[in-house]
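Each remark here refers to the structure printed beneath this line.
The values are calculated or read from the model by the stated rules, or taken from the named source; none is laboratory data. Quick caveat, the model's predicted, so the values are computed rather than measured. Glycine gets a Cβ as well: all are built from the backbone with ideal geometry, and neighbour counts include every protein chain shown.
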Amino acid sequence: MSMKNVLLLGDSRRMGYEPFVREVLKEEAQVFGPAENGRWAGYTLNSLRFWLNDFPTPDVVHWNCGLWDLGDDYNLGRPFSLPDEYESAVERTVLVLRKLFPEAKIIFATTMPTTNPDTTGIRAYNDIICKVADKHGIPVDDLFATMHDKMVVYDAGDHLHLSDEGNAIVAAQVADAIQKVL
């Protein structure tokens with residue numbers, strides 16, 4: 001079997017689990033991703049035109065953006081990306097990836113929780129991910145469900161990122177989702 005190319009897209013949390021995914025899949029896939037944090041969905045969408053020149057054509061794309069979209073970084077009483085903006089960016093990402101890589105399998109991942117027990121916003125944006133995924137026949141890797149009761153245990157100390165142990169758990173799930181479509 002020839003090595004497959006796997007592109008991981010997402011924010012700094014993706015950057016945390018990416019080396020672990022690379023290790024799990026080292027015998028069957030070349031795993032790569034931008035050296036840069038993908039931040040919010042619209043930023044990742046816009047940056048694809050710059051990042052993709054650095055990588056081989058992917059056989060699988062695993063996409064994980066959402067937490068930045070939910071942030072109220074300027075205390076305006078609203079998320080950085082309103083729900084309709086988020087949905088539009090997610091859908092356009094599908095269209096762009098399918099245009100550029102018509103043979104590639106796409107996997108969406110739900111946004112993991114933070115240590116904040118209020119997950120209402122994350123759940124609402126995950127519903128958007130699932131809606132777009134369903135519309136386009138894309139499988140969803142439910143990282144939220146996996147880490148929902150574990151974030152406090154595997155918090156790296158900033159209430160947001162995962163410890164190495166947490167990244168290993170997520171990486172095993174991401175690798176499994178990828179292996180299912182390879």
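Considered as a group, the residues in segment 135-153 that are buried (at least 17 other Cβ atoms within 10 Å of the Cβ) and closer than 11 Å to P113 by Cβ include one that is farthest from the chain's Cα centre (by Cα), and that residue is M151. The requirement of being modelled with pLDDT of 95 or more, touching a Cys at 6+ places or on another chain (Cβ under 8 Å) and farther than 20 Å from D134 by Cβ is satisfied by G38.
The set of residues in segment 45-76 being of a type in the set (D, E) and at pLDDT below 95 consists of D54, D72, D73.
Of everything in segment 1-21 that is surrounded by fewer than 18 Cβ atoms within 10 Å (Cβ to Cβ) and hydroxyl-bearing (S, T, Y), the residue that is nearest to D54 (Cα to Cα) is S12. I'd like to know if segment 163-176 contains one or more residues that are crowded, with 16+ Cβ neighbours inside 10 Å, in a strand (DSSP E or B) and in contact with a helix residue (DSSP H, G or I) (Cβ under 9 Å, 6 or more places away or on another chain). Taking every residue of segment 163-176 in turn, none turns out to be crowded, with 16+ Cβ neighbours inside 10 Å, in a strand (DSSP E or B) and in contact with a helix residue (DSSP H, G or I) (Cβ under 9 Å, 6 or more places away or on another chain). Could you tell me which residue of segment 57-95 is surrounded by the fewest Cβ atoms within 10 Å (Cβ to Cβ), considering only residues that are of a type in the set (A, V, I, L, M) and within 19 Å of M112 (Cα to Cα)? Among those that are of a type in the set (A, V, I, L, M) and within 19 Å of M112 (Cα to Cα), it is L82.
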